[in-house]
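What follows is a short report on a single structure.
The values are calculated or read from the model by the stated rules, or taken from the named source; none is laboratory data. Owing to the predicted nature of the structure, the values given are computational and were not obtained by experimental measurement. We place every Cβ from the backbone using ideal geometry, glycine too, and count neighbours over all the protein chains shown. Note: accessible area is taken over every heavy atom of the protein model, side chains too, but ligands, DNA and RNA are not part of it. Shrake-Rupley method; radii C 1.70, N 1.55, O 1.52, S 1.80 Å.
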Amino acid sequence: MFQADLITSGDTVTIQMSGDLDALSAPSFHEILQQVATRSPKKLCLAMHGLSYISSAGVRGLVFARQKMGDDMEVVVEGANENVAETIRMTGLQHAITIRESFSA
Amino acid sequence: MTSPMLDRIDSYPTHRVSGFPVRHGNPLLPGATFLHGGVNFAVCSENATAVSLVLYHHGDSEPYAELPIPDSFRTGHIWAIVVYELDGLDDLEYGYRCEGPAGEPGGVLSDPYAKLVAGREVWGREPDWSEPYQHRSRLMFHDFDWGDDTAPRIPREELVIYEAHVRGFTRHPSSAVTAPGTYAGLREKLPYLKSLGINAIELMPIFEFDEFENSRVNADTGERLYNFWGYSTVSFYAPKSGYAASGKYGMAGDELKALVRECHSHGIEVILDVVFNHTAEGNHEGPTISFKGLDNDVWYMMTPEGYYYNFSGTGNTMNCNHPVVRKFVLDCLRYWAVEYRIDGFRFDLAAILSRDVDGTPLPNPPILQELAFDPVLRGCVLIAEAWDAAGLYEVGSFPNYHRWSEWNGRYRDTIRRFVKGDTGMVGEMATRYVGSPDLYAGRATAASINFVTAHDGFTLYDLVSYNDKHNEANGEDNRDGANDNNSWNCGAEGETDDKEINDLRRRQVKNFLALLLTSQGVPMILAGDERGRTQWGNNNAYCHDSDLSWVDWTPNPLTDELVRFTGDLVRFRAAHPAVRTAEHPTGREVRPGLAEISWHGVTAYAPDWSDGSRLMAVMRCAPMGDAVDCVYVVANTHWEEHDVELPLLPDGALWRLAADTGAADCSFPLGEEPALDDQHVLRVGPRSTVVLCAQTV
């Protein structure tokens with residue numbers, strides 16, 4: 001069961017994610033990202049510590065996240081498992097998405 | 001201020017099929033294409049009387065929906081439908097089921113235009129053979145960020161091509177990359193290629209293929225054998241997912257694009273080895289994957305008796321001059337040039353593309369002409385392997401439209417015999433050395449892709465270490481692979497502790513590299529040859545996913561020396577226009593007394609073209625700014641040393657030593673070439689090549 005909680009702190013929006021981010025849950029993740037985009041924060045943190053599984057649809061969600069946000073917004077992935085972090089690097093997304101062990105606003 | 005996206009007023013469903021809202025699709029968009037609110041599916045079948053779109057969730061054996069495409073949605077032979085409300089597009093796999101005149105629907109067919117294929121995402125993972133739909137079409141999102149990527153657009157005669165296998169290049173544990181054997185792994189090695197001076201990488205097939213095609217276990221060794229090279233395409237628009245570390249996430253396309261982008265940022269072009277001469281469907285005993293089920297006699301050349309012509313030696317022959325297939329090939333290459341920003345293509349067994357639908361060679365094959373003049377491909381290098389497996393040999397006569405280059409097989413054969421020390425070779429070697437003007441008169445020197453070795457055949461080290469092929473590990477009783485290798489083992493077959501033999505082998509490897517990299521035309525180096533890579537005498541390593549076919553990155557004195565030598569010669573080539581002129585050199589003078597080319601022997605200006613000669617010496621001159629660039633190369637394939645008289649340079653210019661294969665570890669970085677003590681006579685060691693340079697005003 002995928003769950004995403006939005007936390008706003010100043011110019012930073014954090015999405016705390018848990019459960020499985022897969023093809024079934026990806027659409028709701030996309031909807032949340034659309035909501036975030038309307039708030040125009042300066043930073044978006046995708047906190048993935050609680051994610052137990054991420055599928056190809058989930059990884060593509062990261063691309064979607066990058067594209068929904070303006071160029072001047074930093075997108076940070078925090079707590080991603082090594083597979084996801086590696087996938088971001090190998091597919092050349094590391095220019096667009098920052099990967100961090102932990103996030104500080 | 002952003003402008004709102006305009007919704008199309010015609011983007012709404014008009015029918016329902018199998019519970020899905022649909023409408024008439026766009027037949028001009030082959031494959032699966034995202035449209036506003038839906039996905040357009042279009043497939044061509046002349047023979048089908050009914051076509052269904054079959055939808056799966058990723059990896060499921062059973063489809064979750066099957067949508068018969070209404071006959072009213074058919075335009076000519078194109079069946080097209082837009083399907084709305086498809087959830088989980090990342091997760092969607094699809095195919096087509098065709099019903100023929102006999103009325104019996106067949107199995108599910110892959111989309112020839114599939115941009116991504118599921119089923120082999122992880123290299124070497126045993127497929128579920130009970131699964132009826134093995135190669136499953138997927139959608140691909142075209143949202144890769146190319147940033148400020150710019151194609152290098154290197155003048156053709158300046159290319160130095162490096163032929164590599166994506167997996168074999170970094171799969172060896174010594175590669176020390178994060179993801180061995182993948183596009184990402186190759187990306188990590190680009191600084192190495194850059195340091196060598198390579199400016200084009202030619203990737204052996206990366207269209208989706210099945211490594212398990214004809215897979216078997218060698219009964220003697222227990223080794224699992226694969227279709228490692230991949231010269232058997234399953235899907236022409238899809239990158240090989242098993243070459244992507246991110247393949248399991250459906251991100252193979254992005255990973256490959258990241259590789260291309262990074263190549264470009266290093267000034268390296270990317271050339272794909274493409275296989276349009278046949279497909280993985282084989283002959284009448286082969287599997288039906290896609291084309292056979294759609295329109296067998298459109299896609300394949302068939303004999304009047306209904307059998308598959310086998311000009312490819314692999315069971316079937318793609319019908320490349322059929323108008324439908326022609327369009328497909330052109331569409332495909334345009335797609336790779338645009339979507340993946342590929343800089344060129346090398347066509348495997350390209351002579352097949354010059355055959356008519358009945359196999360007859362054509363003087364003016366439509367497919368080759370279209371590719372030559374296509375405006376989208378105009379910036380791409382086109383290279384033909386100008387022969388096929390049925391005896392059509394078109395090196396020098398390939399229909400070229402002043403556009404196509406060719407793998408020059410005669411260069412390979414000649415340089416091998418010359419360096420080996422065969423007599424009667426000096427004259428032909430001289431012709432090959434200056435760009436084979438006998439074959440390519442009136443065409444640029446870049447028409448000739450010069451090579452000593454390629455994936456087919458011995459590696460360079462093995463060429464000087466084995467007289468005969470040793471393909472026992474292929475499990476075919478050493479019957480496979482070429483027998484006419486023009487190789488010489490230097491005195492012992494295979495590995496030896498004999499220092500004299502090993503020194504000679506090292507020298508011979510350098511002789512090949514020195515001549516290749518100073519020849520007019522475009523040099524191509526097989527990956528690992530600059531490191532002395534061995535396949536232990538195997539000259540047909542197509543089936544080995546092992547250290548037999550992987551590049552070994554372990555440093556040792558030999559590899560260090562060869563890498564340094566290769567890099568020095570590649571940079572020498574880049575710095576000296578005299579060896580890479582766009583036109584074939586002639587005897588005309590670039591300055592009074594300095595001809596573009598002059599031939600020499602033991603005595604200057606007195607070449608020995610006799611059958612017994614084993615010495616070739618040549619001086620080439622070309623303008624370089626306000627100066628004249630002069631390069632003198634002498635190759636002595638005799639086992640005795642010889643003193644050669646050097647041609648005099650005007651105005652006190654000095655000959656400088658760039659490389660001497662007869663001296664230990666003797667090549668010099670640019671600008672550090674020492675002037676010769678003796679400017680008149682040069683001693684050339686046994687079986688040695690010396691490269692000199694000079695600059696005059």
> In the set B:370, B:339, B:394, which member is open to solvent by 10 Å² or more (accessible area, probe 1.4 Å), more than 17 Å from residue B:523 (Cα to Cα), in contact (Cβ under 8 Å) with a residue 60 or more places away in the chain and not basic (Lys, Arg)?
Replying inline: B:339
> What is the one condition in (1) touching a Gly at 6+ places or on another chain (Cβ under 8 Å); (2) under 21 Å from residue B:212 (Cβ atoms) that residue B:257 does not satisfy?
Replying inline: (2)
> Which of the following residues is in contact with a helix residue (DSSP H, G or I) (Cβ under 9 Å, 6 or more places away or on another chain), in contact (Cβ under 8 Å) with a residue 12 or more places away in the chain and not in a loop (DSSP other than H, G, I, E, B): B:144, B:169?
Replying inline: B:169
> Restricting attention to region B:526-553, which residues are assigned to a loop (DSSP other than H, G, I, E, B), touching a Ser or Thr at 6+ places or on another chain (Cβ under 6 Å) and open to solvent by less than 20 Å² (accessible area, probe 1.4 Å)?
Replying inline: B:532, B:535, B:541
> So which residues in region B:390-399 are more than 20 Å from residue B:278 (Cβ to Cβ) and either within 18 Å of the chain's Cα centre (by Cα) or among the aliphatic types (A, V, I, L, M) (or both)?
Replying inline: B:395
> In this structure, does residue B:170 turn out to be farther than 27 Å from residue B:322 by Cα, within 14 Å of chain A (Cβ to nearest Cβ), in contact with a Ser or Thr (Cβ under 8 Å, 6 or more places away or on another chain) and not charged (D, E, K, R)?
Replying inline: yes
> Of all residues in region A:57-87, which are of a type outside the set (D, E, K, R) and within 9 Å of chain B (Cβ to nearest Cβ)?
Replying inline: A:57, A:58, A:59, A:61, A:63, A:64, A:67, A:83, A:84, A:87
> Does residue B:241 meet the test of being open to solvent by 10 Å² or more (accessible area, probe 1.4 Å) and among the hydroxyl-bearing types (Ser, Thr, Tyr)?
Replying inline: no
>> Which numbered condition in (1) open to solvent by 10 Å² or more (accessible area, probe 1.4 Å); (2) more than 9 Å from every other protein chain (Cβ to nearest Cβ); (3) not in a loop (DSSP other than H, G, I, E, B) is the only one that residue B:236 fails?
In response: (1)
> Could you count how many residues in region B:128-151 are within 24 Å of the chain's Cα centre (by Cα) and either hydroxyl-bearing (Ser, Thr, Tyr) or in the same structural domain as residue B:342 (by TED's automatic domain parsing) (or both)?
Replying inline: 1
> How about region B:239-265: which of its residues are within 14 Å of chain A (Cβ to nearest Cβ) and in a loop (DSSP other than H, G, I, E, B)?
Replying inline: B:244, B:245, B:246, B:250, B:251
>> Restricting to region B:446-463, name every residue that is under 15 Å from residue B:386 (Cβ atoms), open to solvent by less than 10 Å² (accessible area, probe 1.4 Å) and assigned to a loop (DSSP other than H, G, I, E, B).
In response: B:454
> Is it true that some residue in region B:568-591 is within 29 Å of residue B:465 (Cα to Cα), modelled with pLDDT of 95 or more and surrounded by fewer than 16 Cβ atoms within 10 Å (Cβ to Cβ)?
Replying inline: no
> Which of the residues that make up region B:197-233 are within 28 Å of residue B:152 (Cα to Cα) and in a loop (DSSP other than H, G, I, E, B)?
Replying inline: B:197, B:198, B:199, B:204, B:205, B:206, B:229, B:230, B:231
> In region A:4-31, which residue that is surrounded by fewer than 18 Cβ atoms within 10 Å (Cβ to Cβ) and within 23 Å of residue B:92 (Cα to Cα) is farthest from the other protein chains (Cβ to nearest Cβ)?
Replying inline: A:19
> What tally of residues in region B:117-139 results from selecting those that are within 10 Å of another protein chain (Cβ to nearest Cβ) and either in contact with a strand residue (DSSP E or B) (Cβ under 7 Å, 6 or more places away or on another chain) or under 30 Å from residue B:403 (Cβ atoms) (or both)?
Replying inline: 2
> Is region B:24-45 home to any residue that is open to solvent by 50 Å² or more (accessible area, probe 1.4 Å), within 14 Å of another protein chain (Cβ to nearest Cβ) and among the hydrophobic types (A, V, I, L, M, F, W, C)?
Replying inline: yes
>> Looking at region B:464-504 only, could you name the residues that are hydroxyl-bearing (Ser, Thr, Tyr) and either under 30 Å from residue B:216 (Cα atoms) or surrounded by 18 or more Cβ atoms within 10 Å (Cβ to Cβ) (or both)?
In response: B:465, B:466, B:487
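Within region B:181-193, is even one residue in a strand (DSSP E or B), under 18 Å from residue B:255 (Cβ atoms) and among the basic types (Lys, Arg)?
No: region B:181-193 contains no residue that is in a strand (DSSP E or B), under 18 Å from residue B:255 (Cβ atoms) and among the basic types (Lys, Arg).
Yes or no, residue by residue, for (1) within 38 Å of the chain's Cα centre (by Cα); (2) under 22 Å from residue B:593 (Cα atoms):
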{"position": "B:629", "(1), (2)": "yes, yes"}
{"position": "B:635", "(1), (2)": "yes, no"}
{"position": "B:641", "(1), (2)": "no, no"}
{"position": "B:647", "(1), (2)": "no, yes"}
{"position": "B:651", "(1), (2)": "no, yes"}
{"position": "B:669", "(1), (2)": "yes, no"}
{"position": "B:678", "(1), (2)": "no, yes"}
{"position": "B:692", "(1), (2)": "yes, yes"}
>> Let me confirm something: among B:227, B:218, B:277, B:214, which residue is more than 14 Å from chain A (Cβ to nearest Cβ), surrounded by fewer than 24 Cβ atoms within 10 Å (Cβ to Cβ) and at pLDDT 95 or above?
In response: B:227
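Between A:57, A:85, A:65, A:96, which is of a type in the set (Gly, Ala, Ser), touching an Asp or Glu at 6+ places or on another chain (Cβ under 9 Å) and open to solvent by less than 10 Å² (accessible area, probe 1.4 Å)?
Just a single option satisfies the conditions, and that option is A:57.
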>> Suppose we filter region B:640-672 for residues that are part of a loop (DSSP other than H, G, I, E, B) and either farther than 24 Å from residue B:502 by Cβ or among the acidic types (Asp, Glu) (or both); how many remain?
In response: 14
> Which of the residues that make up region B:651-682 are of a type in the set (D, E, K, R) and at positive phi?
Replying inline: B:651, B:665
> Got at least one residue in region B:4-26 being of a type in the set (Phe, Trp, Tyr) and under 22 Å from residue B:250 (Cβ atoms)?
Replying inline: no
> Name the residues in region B:317-349 that are within 26 Å of residue B:148 (Cα to Cα) and either acidic (Asp, Glu) or assigned to a helix (DSSP H, G or I) (or both), would you?
Replying inline: B:331, B:332, B:333, B:334, B:335, B:336, B:337, B:338, B:339, B:343
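For region B:423-445, which positions are of a type in the set (D, E, K, R) and either open to solvent by less than 40 Å² (accessible area, probe 1.4 Å) or assigned by TED's automatic domain parsing to the domain that holds residue B:616 (or both)?
B:432, B:443
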